[in-house]
Structure formats: C-alpha cells, structure tokens
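The values are calculated or read from the model by the stated rules, or taken from the named source; none is laboratory data. Since this is a predicted model, take the numbers as computed values, not measurements. Cβ sites come from the backbone with ideal geometry, for glycine too, and all protein chains shown count toward neighbours. What goes into the accessible areas is simple: the full protein's heavy atoms, side chains included, and nothing from ligands, DNA or RNA. Shrake-Rupley method; radii C 1.70, N 1.55, O 1.52, S 1.80 Å.
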Amino acid sequence: MTDYAELFRELAIPRLVGTPNHQKVREILKRELSARGFVVDEHQFTGRPARALFGTPGVVQGTNLIATRPIRPSAHPPVWLVAHYDSKGQPISMAIRLVGFAALVLGLVALALAAVPAIALLAVALIVVSQNRVTDNSPGAVDNASALIAVFMTIDQLSPGTAVGVIFPDAEEFGLVGARALAADRADLFADAAVINLDGLDDLGIPVVLSHRPGPIGLAVATALKARRWRWLPVVVDGIALARVSRDCITILKGNWRTMLAVHRPGDNADRVRLDGAASVAAGLARVLRPA
C-alpha cells in the first residue's frame, strides 16, 4: 500500500530542469511506475524555452517518461494520464502574472482608444513582465507534485489490465517544451487516443476541466468530477500541445486565487496540501476509466 503523503514529500522539492533534484524526482517516478508493472520509455529531447521567460538557458534538455503495461505490445493505450514533473520558482506568483497580463491587454486597448489610463496600465504590465524570471526556489507541491500523486492514485484504483498509459512530460515550466517534443516526435502514441492532463490540484476550489479538444472521455470526466468546463483560460498547460495530435484532450485543474498566490513561490510546499483534491480527482477518473 503506497503512503501517498510520504511519496508526495519526496516529489514536492524544488526540481528545476537540469538540477540534481530534477533527476532525483525522475528516478522516483520511474521506481513507482516500475513497481506497478509499467515499462518506462525515456524520450529525450532538446528545445528552446519560451521567449517570455527570463533566466533560462538558450536550449533546454529534458526527458519525458512514457509508461505502458505490456498488455498489448503492438498498440498504444486508448487513454493517457499526463502530468508534468518539473517545477520552477519565480519572483512573482501566478496571480500577480495574471494581473499583469490583464493590465497589458487593458493598456493596449486604452492606447488604441487614446484613453488616459493607457500609460499607467502599460507601466504596470511592464513591471510584472520584468519579474518573469525563472528560479529554483519553489517545491511545486500543487504545481505539479499533486497531479503526479493523483496519477498514481488513479492507476492504483484500476485493474492491471486496464488499457491506460502514463506520460510524465518534462520542461513544461519552460514553455511546454517536453509536450511539444512529444507531439513532434511521438505523434503516433496519440493517434485516436484521449489525453487527460492534470496540472495543479489543490485542496481548495472546485475542479475545472479545460477542454482543448472535446470528446467523450473529456465529457465523462467533467461529469464525474462535477467540474466547470471551459474552452479557454489564461493558462499555459501541456494539453495545448498534445491536443494537436490526440482525438480527445482535456486538462484538469483545481484551486482558487489562494492557490494562484502560492504557485511558483516558496510557499507552494507540501505543508499546505493535504491531497484531498488529488484524491477526489483520482476517484472521479477511476470511475470513468474502470472497465464496465
């Protein structure tokens, strides 16, 4: 029986891509997948981080983990559970960045209309953007160790014969670099498959299902979780990249403004998360994915 709280504390450590902790977490994930009968394929890639991020290398190297059970060797699973395993810190929280984004949009609109507040709004936006630097000071408990735990909770409630695969993308925090590499190099994995991406599952708030490519699995999951459904939100998640190559793709999030004030900050640590949110999402996923 897995002690999820103990595993959570192993995973919820600062783990910026390329650091020793990042490699340590990857090995822990491989250990846990292998213990559950999965065969793990390491997909190594290189790519460029998002230009909007400061303090990143010109090229990032990472490793996506692709895990399947040897049930049907010649076919890929019809459903993939996905959760990125890297973390990052930033001088400002996600909530402040969203405020900066809103100020930028409003400032540009005001500028186009020659409105008086335009300069002030753009100044606020530029101040926020200037703080969009990457550090390694956030344990990434909600973002995204909680989702990693939810994946293990889900597969532990399914029989070993359930045709579900697991993908832990890397370098999501650098601008979906790992997911984009998967879509480019391993698109065959997702042909006629559904992707359920998990990204940030706090105990607070209610579940949200972001539907990148609507389909029956996504609809069933949203119904099981009694989640709010959206077609677009101002977030950057791996589902955006994987929707291009899958038939059905959603991202599940759970939290509120208190969550966003913690994400990417040192306060996003294991002490503030009980894993109630991860457990509730996992239970809903298992109900949908469990064979009738």
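Worth pointing out:
- Of all residues in the stretch 158-206, those satisfying the criterion of being part of a loop (DSSP other than H, G, I, E, B), among the hydrophobic types (A, V, I, L, M, F, W, C) and open to solvent by less than 10 Å² (accessible area, probe 1.4 Å) are A171, L176, A193.
- Looking across the stretch 248-290 at every residue that is of a type in the set (D, E) and open to solvent by less than 20 Å² (accessible area, probe 1.4 Å), the one that is nearest to G89 (Cα to Cα) is identified as D268.
- Matching residues in the stretch 231-284 - criterion: being in a loop (DSSP other than H, G, I, E, B), closer than 14 Å to D202 by Cα, β-branched (V, I, T) and under 14 Å from the mean Cα position of the chain (by Cα): V263
- In the stretch 113-157, the residues that are polar (S, T, N, Q), part of a helix (DSSP H, G or I) and modelled with pLDDT of 95 or more: N144, S146, T154
- Taking the criterion of being touching a Lys or Arg at 6+ places or on another chain (Cβ under 6 Å) and free of Cβ contacts under 8 Å to residues at least 60 places away in the same chain, the residues of the stretch 217-247 that qualify are A222, A243.
- Residue match in the stretch 211-234 (condition: modelled with pLDDT of 95 or more, over 24 Å from D170 (Cβ atoms), among the small types (G, A, S) and touching a Phe, Trp or Tyr at 6+ places or on another chain (Cβ under 8 Å)): yes
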